[in-house]
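Undergrad: Can you read through this structure? Questions will come right after.
The values are calculated or read from the model by the stated rules, or taken from the named source; none is laboratory data. These numbers come from a predicted model, not from an experiment. Every residue, glycine among them, receives a Cβ derived from its backbone with ideal geometry; neighbour counts consider all protein chains shown.
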Amino acid sequence: MIASVSGKVLVRRPDHVVIDASGVGYRLTVSAETLKGVPAAGREATLHAHLVAREDSLSLYGFANEDERDLFLALTSVSGVGPKVAVAVLSGGAPRELRRAIATGDAKRFQAAPGIGKRTAERIIVELKDKVTEEIEITAAAGDAGGARSEAREGLLGLGYTPAETEKLLDAAAASAGDEAPAEDLVATALREAAGA
């Protein structure tokens, strides 16, 4: 299994890159999100990778980080979602944002991706929601224990908001009040956001 590819960027296109690793050029299909971090041709790059083997082809997919690769694997586990559709979904934003969209049931976010209709978008949410919500909770708990956001999260959870709703409200509050805002300001801003939604 090819887990990563490191070397000089030979080709950089909207849907793929070619990286020269010790004289072998590896063509990796990438999302628009991963492409943002790939340097210009001639510079060194490292991409996490996943090989998809079919009867008639071998396709290598590249990712900026393991988080994106993990989400790719989760998406391709959904019935009706193949690697190309998964890459189209990943092109729609950072893995954290996409997980939050799954957790909050934002089907329209996924329908914006080429090749995804309403049914497929809803299937992604139904099949991945529980897993993604659990990942968000674990990440949130580990990410900022003791900080203002953590205090604000506890407050919102105490008011009856779900973990997914809480994360969405806190993101909006942080964008409005600032990342350094005290917990009280974050909660107040999040409640205003919830009332206006």
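Undergrad: Which of the residues belonging to segment 1-52 are surrounded by 13 or more Cβ atoms within 10 Å (Cβ to Cβ) and free of Cβ contacts under 8 Å to residues at least 12 places away in the same chain?
TA: VAL18
Undergrad: Here's a follow-up. Give the residue that is farthest from ALA88 (Cα to Cα), with candidates limited to residues of segment 1-15 that are assigned to a loop (DSSP other than H, G, I, E, B) and not acidic (Asp, Glu). Can you show your working first?
TA: Of segment 1-15, the ones assigned to a loop (DSSP other than H, G, I, E, B) are 1-3, 13-15.
Subsequent filtering for residues that are not acidic (Asp, Glu) retains 1-3, 13-14.
Values: MET1: 23, ILE2: 22, ALA3: 21, ARG13: 15, PRO14: 12 Å.
Filtering segment 1-15 for residues that are assigned to a loop (DSSP other than H, G, I, E, B) and not acidic (Asp, Glu), the one farthest from ALA88 (Cα to Cα) comes out as MET1.
Undergrad: Exactly one condition in (1) modelled with pLDDT under 85; (2) assigned to a helix (DSSP H, G or I); (3) surrounded by fewer than 16 Cβ atoms within 10 Å (Cβ to Cβ) is false for ALA145; which is it?
TA: Condition not satisfied by ALA145: (2).
Undergrad: Go through segment 16-47 and count every residue that is in a loop (DSSP other than H, G, I, E, B) and either under 17 Å from PRO83 (Cα atoms) or of a type in the set (Ser, Thr, Tyr) (or both).
TA: Applying the first criterion (in a loop (DSSP other than H, G, I, E, B)) to segment 16-47 yields 22-23, 30-31, 36-43.
Narrowing further to those that are either under 17 Å from PRO83 (Cα atoms) or of a type in the set (Ser, Thr, Tyr) (or both): 22, 30-31.
Residues in segment 16-47 being in a loop (DSSP other than H, G, I, E, B) and either under 17 Å from PRO83 (Cα atoms) or of a type in the set (Ser, Thr, Tyr) (or both): 3 in total.
Undergrad: So, one more: Assess whether ASP106 counts as being without any contact (Cβ under 8 Å) to a residue 24 or more places away in the chain and in the same structural domain as GLU134 (by TED's automatic domain parsing). Even if it seems obvious, please write down each step before you answer.
TA: Values: without any contact (Cβ under 8 Å) to a residue 24 or more places away in the chain: yes; in the same structural domain as GLU134 (by TED's automatic domain parsing): yes.
Yes.
Undergrad: Could you tell me which numbered condition THR34 fails, if it satisfies all but one of (1) of a type in the set (S, T, N, Q); (2) more than 23 Å from PRO163 (Cβ to Cβ); (3) out of contact with any Gly (no Cβ under 7 Å at 6 or more places or on another chain)?
TA: (3)
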